[in-house]
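**Q** Got a structure for you, questions after.
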Amino acid sequence: MKVTFITGNQHKVKEAQGIFQQFDIKLEHVDLGYPEIQGKLTDVACYGATYAANKLKTPVIVEDAGLFIRALEWFPGTYSSYVQSTLGNEGILKLMKNVQDRYAEFRSVVGFATPKTEPEIFLGVVGGHIVHHEKGKEGFAYDPLFKPECYDQTFGELTLEQKNEISHRRRSLERFANWYRDFTSKKD
Ligand code: ITT
């Protein structure tokens, strides 16, 4: 099985390759760029997948993700990309200074579309806590801030393989992979 992943983020490509290996899905990466409408992750993923499938005339997936912090009313959420490049991790830590409730979750939505079918979406969530200082140099973006539930290390301290066992992206891509197996077998 093969699928085209549309993203401009190399870290996501590496993570997805690792996850798809276990499902025998070969990933083709295209950095097409697609309009990221402002809205819920699911809307962004649906719109992006439909746009890219029609443009490339092939089945594609896109993935939209973000960090949602409960005490900040789920900020940065859908603004995660912009906030990472402006406030950065230090800015998030400042906002979290003296905040007791440190619960946060990473959410991921995979959108799959073909030029002929309506988009499908697959969700993945991992809960955890925002630590008090950045920890670790693995992963990317918010990873050094996020300690997944039941772990003593942040995503920034886990190897790619360890993050891939439990991450939001693992959960959404695994849901997609299981569904895709049936989808392709019905088509053949
Ligand atoms: P695309 O081209 O696939 O859209 P992107 O980097 O813009 O790549 P998203 O819009 O899905 O990705 O993600 C928004 C931001 O959320 C991303 O830029 C990171 O700052 C952050 N983020 C997403 N997944 C993450 C992860 O697994 N670990 C740490 N930060 C993550």
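**Q** So SER85 passes all but one of these: (1) open to solvent by 20 Å² or more (accessible area, probe 1.4 Å); (2) touching a strand residue (DSSP E or B) at 6+ places or on another chain (Cβ under 6 Å); (3) under 21 Å from PRO144 (Cα atoms); (4) within 15 Å of the ligand (Cβ to nearest atom). Which condition number does it fail?
**A** (2)
Conditions tested, residue by residue: (1) under 16 Å from the mean Cα position of the chain (by Cα); (2) open to solvent by 80 Å² or more (accessible area, probe 1.4 Å).
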residue: LYS135; (1), (2): no, yes
residue: PHE140; (1), (2): yes, no
residue: ILE166; (1), (2): yes, no
residue: ARG171; (1), (2): yes, yes
residue: ARG175; (1), (2): yes, yes
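**Q** So which residues in the stretch 1-55 are closer than 19 Å to ASN164 by Cβ, more than 10 Å from the ligand (Cβ to nearest atom) and of a type in the set (Phe, Trp, Tyr), if there are any at all?
**A** PHE20, PHE23
**Q** Pull up the stretch 61-82, narrow it to residues that are open to solvent by 10 Å² or more (accessible area, probe 1.4 Å) and at positive phi, then point me to the one that is farthest from the ligand (Cβ to nearest atom).
**A** Of everything passing the filter in the stretch 61-82, GLU73 is farthest from the ligand (Cβ to nearest atom).
**Q** Quick check on the stretch 2-18. Is at least one of its residues aromatic (Phe, Trp, Tyr), in contact with a Leu (Cβ under 6 Å, 6 or more places away or on another chain), crowded, with 16+ Cβ neighbours inside 10 Å and under 17 Å from GLU120 (Cα atoms)? Give the steps one after another, and end with the answer.
**A** Residues of the stretch 2-18 that are aromatic (Phe, Trp, Tyr), as a first pass: 5.
Among the residues that remain, those that are also in contact with a Leu (Cβ under 6 Å, 6 or more places away or on another chain) are: 5.
Checking which are crowded, with 16+ Cβ neighbours inside 10 Å leaves us with 5.
Then keep just the ones that are under 17 Å from GLU120 (Cα atoms); that gives 5.
The answer is yes, given that some residue of the stretch 2-18 is aromatic (Phe, Trp, Tyr), in contact with a Leu (Cβ under 6 Å, 6 or more places away or on another chain), crowded, with 16+ Cβ neighbours inside 10 Å and under 17 Å from GLU120 (Cα atoms).
**Q** A follow-up question, please. Output the number of the condition that THR58 fails; it satisfies all remaining conditions of (1) assigned to a helix (DSSP H, G or I); (2) away from the ligand (no atom under 12 Å from the Cβ); (3) in contact (Cβ under 8 Å) with a residue 40 or more places away in the chain.
**A** Unmet for THR58, out of (1) assigned to a helix (DSSP H, G or I); (2) away from the ligand (no atom under 12 Å from the Cβ); (3) in contact (Cβ under 8 Å) with a residue 40 or more places away in the chain: (1).
**Q** Would you check which residues across the stretch 56-82 are closer than 18 Å to ALA113 by Cα and out of contact with any strand residue (DSSP E or B) (no Cβ under 9 Å at 6 or more places or on another chain) and list them? Before the answer, list the steps.
**A** At the first step, the residues of the stretch 56-82 found to be closer than 18 Å to ALA113 by Cα are 56-65.
Hit for the stretch 56-82 is LYS57, nothing else.
**Q** Take HIS129 and decide whether it is in contact (Cβ under 8 Å) with a residue 40 or more places away in the chain, open to solvent by 70 Å² or more (accessible area, probe 1.4 Å) and not charged (D, E, K, R).
**A** Against the criterion (in contact (Cβ under 8 Å) with a residue 40 or more places away in the chain, open to solvent by 70 Å² or more (accessible area, probe 1.4 Å) and not charged (D, E, K, R)), HIS129 does not qualify.
**Q** Also: Any chance you could count how many residues in the stretch 91-115 are open to solvent by 10 Å² or more (accessible area, probe 1.4 Å), touching a residue at least 40 places away in the same chain (Cβ under 8 Å), among the β-branched types (Val, Ile, Thr) and more than 22 Å from LEU27 (Cα to Cα)? Outline the logic, then answer.
**A** Filtering the stretch 91-115 for residues open to solvent by 10 Å² or more (accessible area, probe 1.4 Å) gives 91, 93-95, 97-103, 105-107, 114-115.
Keeping just the survivors that are touching a residue at least 40 places away in the same chain (Cβ under 8 Å) gives 93, 105-107, 114-115.
Checking the rest, the ones that are also among the β-branched types (Val, Ile, Thr) come to 114.
If we keep only those that are more than 22 Å from LEU27 (Cα to Cα) as well, we get none.
Of the residues in that region, 0 qualify.
The values are calculated or read from the model by the stated rules, or taken from the named source; none is laboratory data. On a predicted model such as this, the values are computed, not experimentally measured, just so you know. Because the Cβ atoms are built from the backbone with ideal geometry, glycine has one as well, and the counts that use them run over all protein chains shown. Areas reflect the complete protein model, heavy atoms only, side chains present, ligands, DNA and RNA absent. Shrake-Rupley method; radii C 1.70, N 1.55, O 1.52, S 1.80 Å.
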